[in-house]
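Taken together, the values in this text are just the output of simple stated rules run on the coordinates, not laboratory data. For clarity, every value in this text was computed on a predicted model and none was experimentally measured. Positions of Cβ are backbone-derived with ideal geometry, glycine not excepted, and every protein chain shown enters the neighbour counts.
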């Protein structure tokens, strides 16, 4: 009896990279492909696929390397659980983009070998990936390294402090509801389509902030999202009694940006639930906000002094201060990921307002199943 191979994914805009991946995976045995349902893709990416699940199933089933194509009956990153148990494969194969600690940890619970394939283009064909095909949109994402929530007046009116952000290149497509300012980035794409204009940074950031927070909005998003997208490099946003920072300090020094890049890793967790309520059980107390502000100052200083240990410790302490104020940022999925990584790194925090998304990790050494980021360097006036 032939061995069985299992792969999962969206498989929407099929290209040569997909075909070569499926060909390579099929070399381990009979290949079973589980595609994400339309509802799962909408849940994870915030929009439906170009091709619906019936079209995608027909296309994948028509590829000669595929034994059978299935549609995942579950939801989230592990929408294939039921299908995996039915197929009972010997191998679970992913490519470098699809590799994640969520998947690898889940697969470890079965007698299945987890295999990560390198991206190798077929013969003389150019390298292809879905993310590469979407690279024409160069508008960046934002990561907050520390001080998140200090950009909200209900926090910074009690005690002032900084938020530290970086602007990152869109080399990876991040999910909605993942704390990477994806909603704000989508608004920027509505305004400017593919590229940020060559204009005054603060003016552009204010345009984006006002566009996202139109009159009548029940909730006002923090301005760190708009500023973090518009301003390249590393930025310190000093807040006090308002939505807009009193001062913005920027670092574009190559050595400092490389220091951050070399230490930073992102570990995917499923996006926060649509009904997530971060304000449940909140404890908005001055002592916690003061702690948060001090940690953010320490993190800024540690980067400028190239201090790896303090960089990680400041991030971790900033996160602990956040969770004292908003305990609902943590859940079982987040805690499980933290337990796996906490003894392998210098520090960590959740992206954005928590509840899921990505665990941002500071480490001196490479981490498996993690995403590397590239900080945007190119400047605007």
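Model label points for residue 206 and residue 88, set 7 angstrom from Cα along the Cα-to-Cβ axis, are 6.7 nm apart. Relative to one another, the C-alpha centroids of segment 182-234 and segment 23-95 are positioned 36 Å apart. When all alpha carbon pairs of segment 66-105 are counted in 10 Å bins from zero, the resulting P(r) reads 23, 62, 16 %. Write down, largest first, the equivalent ellipsoid semi-axes of segment 172-260 in whole Å, where each equals the square root of 5 times an eigenvalue of the alpha-carbon gyration tensor. After diagonalising the Cα gyration tensor, the semi-axes are 21, 17, 14 Å.
Could you work out the relative contact order of segment 224-366? I mean the mean sequence separation of Cα pairs under 8 Å and 6+ apart, divided by the number of residues, in percent. Before the final figure, lay out each step's value.
Working: 215 pairs, mean separation 39.7, N = 143.
Normalised by residue count, the contact order of segment 224-366 is 28 percent.
Per-residue ellipticity at 222 nm computed for the chain from its helices equals -10500 deg cm²/dmol, with DSSP H segments shorter than 4 residues left out and the rest contributing -39,500 (n - 2.57).
Taking 0.36 nm per residue of separation and subtracting the Cα-Cα distance, what length does fully extending residue 42 through residue 67 add?
Details: separation 25, 0.36 × 25 = 9.00 nm, distance 2.67 nm.
Difference between extended and current length: 6.3 nm.
Eigenvalues of the alpha-carbon gyration tensor of segment 141-362, scaled by 5 and square-rooted, set the equivalent ellipsoid semi-axes at 23, 20, 19 angstrom, largest first. Using a Gaussian network model of the chain in which every pair of alpha carbons under 10 angstrom is joined by a spring, one finds that among 87, 251, 66 the greatest mean-square fluctuation is at 87. Each Cα pair under 8 Å and six or more residues apart adds its separation to the average, and for the chain the resulting relative contact order is 17 percent. The three principal axes of the C-alpha atoms in the chain carry coordinate ranges of 67, 43, 42 Å, sorted with the longest axis first.
Over 24 Å, how big is the tail of the calculated P(r) for segment 4-133, in percent of all Cα pairs? Cα-Cα pairs of segment 4-133 separated by over 24 Å account for 21 percent.
For segment 4-133, what's the relative contact order in percent, using C-alpha pairs closer than 8 Å and at least 6 residues apart? Can you show the working numbers first?
Details: 215 pairs, mean separation 39.2, N = 130.
Computed value for segment 4-133: 30 percent relative contact order.
For segment 230-365, the alpha-carbon coordinates run over 40, 39, 28 Å along the three principal axes, in decreasing order.
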